[in-house]
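Read the structure below first, then the notes.
Every read-out reported here was derived from the displayed coordinates using simple, explicitly stated rules and does not represent laboratory data. Not measured: the values here are computed from a predicted model. Cβ sites come from the backbone with ideal geometry, for glycine too, and all protein chains shown count toward neighbours.
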Amino acid sequence: MSIFSAIIAREIPADIVFESERIIAFRDIAPRAPMHLLVVPKTEDYANVVELSAGDPELLAEMVAVAQDLASEHADGEFRLVFNTGANAGQSVFHVHAHVLAGGLTEGSLGGE
Ligand code: 5GP
């Protein structure tokens with residue numbers, strides 16, 4: 001089970017800001033922007049955005065819509081959407097997720113470690 005599946009199952013705590021049938025969103029534990037949320041599909045069938053876009057493009061579109069809604073609710077509606085894809089690109093959790101960053105963004109807020 002991925003760490004995000006444990007959050008979905010309420011086995012570990014998280015500051016959850018949105019939940020629907022197929023998606024959950026919560027605050028990143030190590031925020032790199034004033035608003036740093038993770039938008040995560042509940043399925044762990046897709047390790048990264050490339051697999052998700054090939055396997056379930058509607059779910060990817062739903063994630064983008066949730067990102068917009070959350071940026072409007074928690075910031076000024078403008079946001080950076082980051083999908084780290086592969087360990088060399090900074091991906092550490094291989095359960096697809098979007099970083100949604102907003103508010104006072106700097107060049108260092110790209111989501112990688
Ligand atoms: P990645 O590096 O895979 O693109 O992003 C994984 C993100 O998950 C990191 O930004 C990291 O801070 C966050 N993260 C890892 N473990 C936890 C956790 O237990 N809770 C929360 N809320 N975020 C986590």
Counted residues in segment 67-100 being more than 16 Å from the ligand (Cβ to nearest atom) and crowded, with 16+ Cβ neighbours inside 10 Å come to 2
If I ask for residues that are of a type in the set (Asp, Glu), assigned to a helix (DSSP H, G or I) and either more than 15 Å from Phe83 (Cα to Cα) or touching a Lys or Arg at 6+ places or on another chain (Cβ under 6 Å) (or both), which ones from segment 29-61 would you list?
Glu58
Give segment 62-92 a look and list any residue that's part of a loop (DSSP other than H, G, I, E, B) and more than 11 Å from the chain's Cα centre (by Cα), or say none.
Ala75, Asp76, Gly77, Glu78, Phe79, Thr85, Gly86, Gly90, Gln91, Ser92
Against the condition part of a strand (DSSP E or B) and under 13 Å from the mean Cα position of the chain (by Cα), how does His95 come out, does it pass?
no
